[in-house]
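Report on the following structure.
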């Protein structure tokens, strides 16, 4: 962009002043060289493969030659008066090319080459020209190269962070699937095996060992508990019945439900959780959300109800409320169970129990929403899930 703009400026000066040149035709020929070389370098530099060292060196040589040619094109009187060189500011283009390609030292080297040509064209230094030109060229080459290097380093850092975040998000997605399916089945086999005794107890013990090993493996892929549960309190646990494992598995599959750009009625997903111990209340009209958002709310609700069945007590009841607030859709899961004290979530996550940290909080966070879990001993637990419609 700089090269094209300064080419236009140089063309205006040459066309305006060519009648005052000692050799007007040579001035127009110099303009043709500027235009032609710009047509060569702009598309070449636009591609990484075109930024060859020999081309950058040639770029500096062409600009320096055009600066020196001013001695034979312009009149001596105009040169002494400090009139611009034939390429004018266009001569700084290869300096910036050096700075971009090789950093500050390459930019300074290019600036020194063009400055030498300035001195050759007008040997006597004056406060205006070419001394000021030399200073500006050195500043452009040095600072330009430094800024480019900072930009490249920042871009690389952003790329590394983005790749790390993508890897963490993928591991969390896999961990949710493992928690909602494999871990719950292993827990079920372990508990049923111990209850049946005999060979089934041995099978249950093996399942418990595998469950513990898998939890350690999943937990070792993530940062500490506070990273997933900052500002939340709640219950955690895994399902212990066949019905619970099936429900969570369906919810996990719902994470990606719905075609891109399609809508899903959240009521249809939430109303399936109604049973004698769970009361579901939904709006009379459809609650339409993008498929992935509706699937995330449904799966997180299933995980919250699993925790109620496992930890709130055998007589505990639960109430699920769906609210369509326009810009936000909210689902609340409340129970009248035993509740729990602060710090329980951090302990559960450290032990590899990811029911809240990943299946609820992490799932809603990844869908662009928020999840808040509050509880107190003897006062039940409430889980609030919210996802913006946008």
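Summary table below
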quantity	calculated
Per-peptide average of other Cβ atoms within 10 Å, ordering 106-114, 323-331 highest first	106-114, 323-331
Packing rank of 83-96, 134-147, 21-34, where each peptide gets the mean count of other beta carbons within 10 Å, highest leading	83-96, 134-147, 21-34
Ranked 372, 98, 282, criterion: other C-beta atoms within 10 Å, fewest first	372, 282, 98
Packing rank of 294-307, 69-82, 156-169, 374-387, where each peptide gets the mean count of other beta carbons within 10 Å, highest leading	294-307, 374-387, 69-82, 156-169
Distance from segment 264-286 to segment 1-55 (C-alpha centre basis), Å	71
Radius ratio Rg over Rh of segment 2-129, counting only Cα atoms, Kirkwood formula for Rh	0.97
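Each value in this text was obtained by applying a stated rule to the coordinates, not by laboratory testing. Computed from a predicted structure; not experimentally measured. We place every Cβ from the backbone using ideal geometry, glycine too, and count neighbours over all the protein chains shown.
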